[in-house]
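The values are calculated or read from the model by the stated rules, or taken from the named source; none is laboratory data. Please read these numbers as outputs of a predicted model, since none were measured by experiment. When we count neighbours, we look across all protein chains shown, and the Cβ atoms used for this are built from the backbone with ideal geometry, even at glycine. Quick note on the areas: whole protein, heavy atoms, side chains included, nothing else; ligands and nucleic acids left out. Shrake-Rupley method; radii C 1.70, N 1.55, O 1.52, S 1.80 Å.
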Amino acid sequence: MPVLVALPGAVVLAASALPASAEPPAGTPDGGTVGAAELLAEVKGCDRISHGMYRTDQGTPANIPVCGTKETVFWKADMDIDCDGRTTAVCNTRTDPSFQAQTAFQTSAGKPLDSSRLPYVVVPGPGPLWKYSASGIEGGALAAVVYQGKVTWAVVGDTGPTGIIGEASYATARELGIDPDPRTGGTASGVTYILFRNSKVSPVEDHAAAVAEGESLARKLVAGS
């Protein structure tokens, strides 16, 4: 039992009578971390916003829609490995025959992003199926990538072909436990990409900023459902 000391003229309250200062419960705007299951619950259905279907690779069926809610844009696809951008020990012309020393979006210093260190996702280039900017998505927009119960916070960092979807950086794959090798890695299915409309991580290369913004927006998303 706590010891209570009375001071002259003071009103003494037992500890149990004091206002609670504990953290609010998860699922509120100021609550705890939002997990994979909670995020996936927000994107169970599909209100299609693309004008058609995407392929995951050349020669595969076109059966992947881009879906939308008021707060997000999302799709469920495979993951190919984007190793473009800054030349590193794991991302270069030797490790990746398709390597390009540039990304569609750059760091705050105007340099290509580093795929080996920065989790980022690739959006299809603007085309007849979908224009990402029309949905409130730009370079540096926040993205949650979900795979087998894990969540990685990322940014929109590059663009790809106008008819293919399902690609993310070396670092994104590594954080999710997916083989990040640009030649042989990736996974054929089971990846959910959730992009937050009108969001912006600044600077784009600051992964800690993406994590903080992601946790904040995810709590608001779940609380509003």
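Checking 143, 154, 173 one by one, the residue that is touching a Pro at 6+ places or on another chain (Cβ under 6 Å), closer than 21 Å to residue 55 by Cβ and either modelled with pLDDT of 95 or more or not basic (Lys, Arg) (or both) is 173 and no other. So residue 219 ticks every box in (1) over 19 Å from residue 67 (Cα atoms); (2) part of a loop (DSSP other than H, G, I, E, B) but one. Which box is left unticked? Exception for residue 219: condition (2). Test residue 143 against the stated conditions and say whether it is under 26 Å from residue 108 (Cβ atoms), small (Gly, Ala, Ser) and open to solvent by less than 30 Å² (accessible area, probe 1.4 Å). Considered against the rule, which asks whether it is under 26 Å from residue 108 (Cβ atoms), small (Gly, Ala, Ser) and open to solvent by less than 30 Å² (accessible area, probe 1.4 Å), residue 143 comes out as yes. Within the stretch 84-123, track down each residue that is crowded, with 23+ Cβ neighbours inside 10 Å and not polar (S, T, N, Q). Across the stretch 84-123, the qualifying residues are 84, 85, 91, 113, 118, 119, 120, 121, 122, 123. Tallying residues that are in a loop (DSSP other than H, G, I, E, B) and more than 14 Å from the chain's Cα centre (by Cα) within the stretch 31-41 yields 3.
Looking across the stretch 172-203, the residues that are assigned to a helix (DSSP H, G or I) and crowded, with 24+ Cβ neighbours inside 10 Å come down to 172, 173. Do we have residue 200 as over 11 Å from the mean Cα position of the chain (by Cα) and under 20 Å from residue 69 (Cβ atoms) here? For residue 200, the condition - over 11 Å from the mean Cα position of the chain (by Cα) and under 20 Å from residue 69 (Cβ atoms) - is met.
You will find that of 96, 158, the residue that is part of a strand (DSSP E or B) and more than 24 Å from residue 37 (Cα to Cα) is 158 and no other. Go through the residues of the stretch 119-129 one by one and say whether even a single one is closer than 19 Å to residue 217 by Cβ and either over 17 Å from the mean Cα position of the chain (by Cα) or part of a loop (DSSP other than H, G, I, E, B) (or both). Among the residues of the stretch 119-129, at least one is closer than 19 Å to residue 217 by Cβ and either over 17 Å from the mean Cα position of the chain (by Cα) or part of a loop (DSSP other than H, G, I, E, B) (or both), which makes the answer yes.
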